[in-house]
1. Select from segment 217-238 the residues that are assigned to a helix (DSSP H, G or I) and surrounded by fewer than 22 Cβ atoms within 10 Å (Cβ to Cβ) and list them in ascending order.
2. What do you reckon, is residue 169 at pLDDT 90 or above and either under 15 Å from residue 131 (Cβ atoms) or surrounded by 15 or more Cβ atoms within 10 Å (Cβ to Cβ) (or both)?
3. Identify the residue in segment 239-264 that is in contact (Cβ under 8 Å) with a residue 40 or more places away in the chain and out of contact with any helix residue (DSSP H, G or I) (no Cβ under 6 Å at 6 or more places or on another chain) and, among all such residues, is nearest to residue 281 (Cα to Cα).
4. When you check residue 253 against the structure, is it outside any loop (DSSP other than H, G, I, E, B) and within 18 Å of residue 126 (Cα to Cα), yes or no?
């Protein structure tokens, strides 16, 4: 026997699968036209965490909305009050300036900056409560399959509400003070439309970033704006940007067409949809960065504070 021409052949799964077990001559299959065996890649199917792409994002967004719409109604009722009386009402504080100037020989006018800050801080409540409500309801629902009780949902987010409110109060001061600093009187009537567009774009950008940052504050401990910026680079947040733009545009449009109560209703719905879009975008960015599921997000959300 010529050992130089000896060969060793490995019989693997494709050969065994393709061979005829009833072949009397014991021949193996002819694999000259067979394709290489490629093991199937398991796909992630999660009720909250979408895969890459806008279609996956839209599917998860619709699923989260459909499963939790009824459970989120109390949150929407809760945010309706600050939405109606405080959001977009800063002009009332400006109108109050002449009345304050007559108090205590003009010293009452010093209260005006504090009034502005109070308005802006309270006007951040709709975003804070909506985001906290969505995180407290949707994450455990996706992880466990059952709707959490109100006490359980509150316990998941209560300790992190202060940090969340501080962030959004700062955002509210930023976006709310710009219309007071950049007015038509300074730039003329011709600049009214471009100025409104610029302010709308700034507000949309702040809400887009704030949505992901809010999820970071609620779910991940000890992380802030750098983490949110990193996660935003991992996805294309088209859905979140659209939802943020709706929060900026919908209340004013509804008020112009149907009045103040319609503006409140449109604002409440828009903010709630924005919160859901923020959570789904955050989950998609987390999956692009590392393997995560709704169960792992639930464990982070339920982790006790240090």
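The values are calculated or read from the model by the stated rules, or taken from the named source; none is laboratory data. It should be emphasised that the depicted structure is a prediction, and the values quoted were computed from it without experimental measurement. Methodologically, a virtual Cβ is constructed for each residue, glycine included, from the backbone with ideal geometry; neighbour enumeration extends over all protein chains shown.
1. Result: 225, 226, 227, 229, 230, 232, 238.
2. no
3. 249
4. no
Residue by residue, here is whether (1) touching a helix residue (DSSP H, G or I) at 6+ places or on another chain (Cβ under 9 Å); (2) modelled with pLDDT of 90 or more; (3) surrounded by 13 or more Cβ atoms within 10 Å (Cβ to Cβ) holds:
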position	(1), (2), (3)
145	no, no, no
149	no, no, no
157	yes, yes, yes
177	yes, no, yes
181	no, no, no
195	yes, no, yes
209	yes, yes, yes
212	yes, yes, yes
